[in-house]
Amino acid sequence: MRAFFTRLAVKPLRWRGRSILLSPHALLVGGLIAMVIVLIFIFSLTQGELPLTLSEVYHQLTHAQDPASLAQTIFWQMRLPRSVIAIIAGGVLGAAGAVMQSTTRNGLADPSLLGIKEAACLVVWIELLFFPTLSPVWRPISAMIAGLLVTGAVMQLAKGASTSKFILIGIGISWGLNALLGVILTTLDPKQAQQLMLWMAGSLQQATLGTAQFMLVIALPLFALLLYTCRASNILQLGNATATSLGVNPLPLNRLRVVCAVILTALTVSTVGSIGFIGLMAPHITRRIVRGGQSYLLCGSALVGALLLLLADSCGRLAFALTQIPAGVVVALLGGPFLLILLWKRATRL
């Protein structure tokens, strides 16, 4: 049996002149993670202040047009959108983190590395405070534009610099934008400040199915584009000189992948708030459990990110009964020690 899987792993699947190298181990692990996501997803739909049985969940899914009831309102307006958004946002952040780490070749890279989250938060705050009647559709659009502008500024400032200087410039801009957010908070009345802080903490309470559909429309094409660039990215991991000799131009490829990661991150921040550490943890966990190239890392990180955020949201919603803890806070409780462990491991290698 083991020899069978080994032969399958090294045998490419060819279709229309293209080939895909299958990895049974990666497919098995991915299937198990997807199964766990489905189980937690079903659990999150059934548990809450008003518990629902599996038959009631099935009834709600198949009889959405029934007269409005308390169970229907809770299911369609609270639990289902919240769980779906958690899966989409977690997958997006995990994929963006994998792209940032592979592009910068730094295991500590995170989608918030370049100040993307802070820039997205800033423009969303401005819209919420000064343009409250503006359509919510403009929030992700303006957040993506702000994220791209900040990324362009970082790239311009770090032009020709090393990866370490590139990261430091991004961190500096991130801190500057974070300080500006703090100034805005201190000038607001307590009620407004509390609402903005709750949103920035990464709460999924305002999730809707319309938001989920909007995220999918933007995220799926970008994810497909990133998946398409994975083969060239595998070559790029051998070094710029080797990649150039093999016909891969590093600069346009890196820019394209970073732009996609920026858009995905800004999209998530504008819809669910600033949720950190998912993009940091998911790729590292994926590398531990899945072996393979950039395509497996990208897909695995998306699955792990979706699992982490769905689990964090379920714990924050159910662990303390009537008091709901934002998913971003739960993730931060896990991500802080995770980052310290990574830093400690790096220090012991020096």
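Readers should treat all values here as calculations from the given coordinates under stated rules, not as data from a laboratory. Fair warning: this is a prediction, and the values are worked out from it, not measured in the lab. Ideal geometry is used to build each Cβ from the backbone, glycine not excepted, and the neighbour counts take in all protein chains shown.
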In sequence order, calculated HN-Hα J values of the stretch 193-208 (Karplus, 6.51, -1.76, 1.60; Hz; x Gly/Pro): 5, 5, 5, 5, 5, 5, 5, 5, 5, x, 8, 9, 5, 8, 5, 9
Mean separation of Cα contacts under 8 Å (6+ apart) over length of the stretch 250-324, as relative contact order %: 22 percent
Estimated translational D of the stretch 94-238 in µm²/s (Stokes, Kirkwood radius over Cα pairs; 4 °C; 1.567 mPa s): 76 µm²/s
Selected from LEU236, VAL183, THR133, residue furthest toward positive end of dipole (the chain; charges at beta carbon): LEU236
Net charge, ALA89 excluded, C-beta distance under 11 Å - Lys, Arg +1, Asp, Glu -1: 0
In the stretch 77-181, the trypsin sites (Lys or Arg not before Pro) that fall in loop regions by DSSP, at most 12 other Cβ within 10 Å: ARG105, LYS159
Debye-sum result for the stretch 285-332 in log10 I(q)/I(0), which assumes one identical scatterer on each alpha carbon, at q = 0.14, 0.29 Å⁻¹: -0.43, -0.94
Total charge dipole magnitude, the stretch 71-175, about the Cα centre, Cβ charges on Lys, Arg, Asp, Glu only, Debye to nearest 20: 160 debye
Rounded to whole Å, sorted largest first: equivalent-ellipsoid semi-axes of the stretch 51-174, Cα gyration tensor: 40, 20, 9
Neighbourhood net charge (14 Å Cβ-Cβ; Lys/Arg +1, Asp/Glu -1) for LEU251: +3
Estimated inter-spin distance, LEU157 and THR187, nm [label 7 Å along Cα→Cβ]: 2.1 nm
Distance in nm between pseudo-label sites at MET35 and GLN324 (7 Å out along the Cβ direction from Cα): 3.1 nm
Directionally averaged shadow of the chain, computed from the convex hull of its alpha-carbon atoms, nm²: 21.6 nm²
Cα-based equivalent ellipsoid, the stretch 39-81: semi-axes from gyration tensor eigenvalues, Å: 16, 11, 9
Helix-only [θ]222 nm of the chain, DSSP H runs n ≥ 4, -39500 (n - 2.57) each, per residue, nearest 500: -24500 deg cm²/dmol
Fewest-first sequence of LEU148, LEU209 by Cβ atoms within 10 Å of each Cβ: LEU209, LEU148
Calculated P(r) of the stretch 159-318 - Cα pairs past 18 Å, %: 70 percent
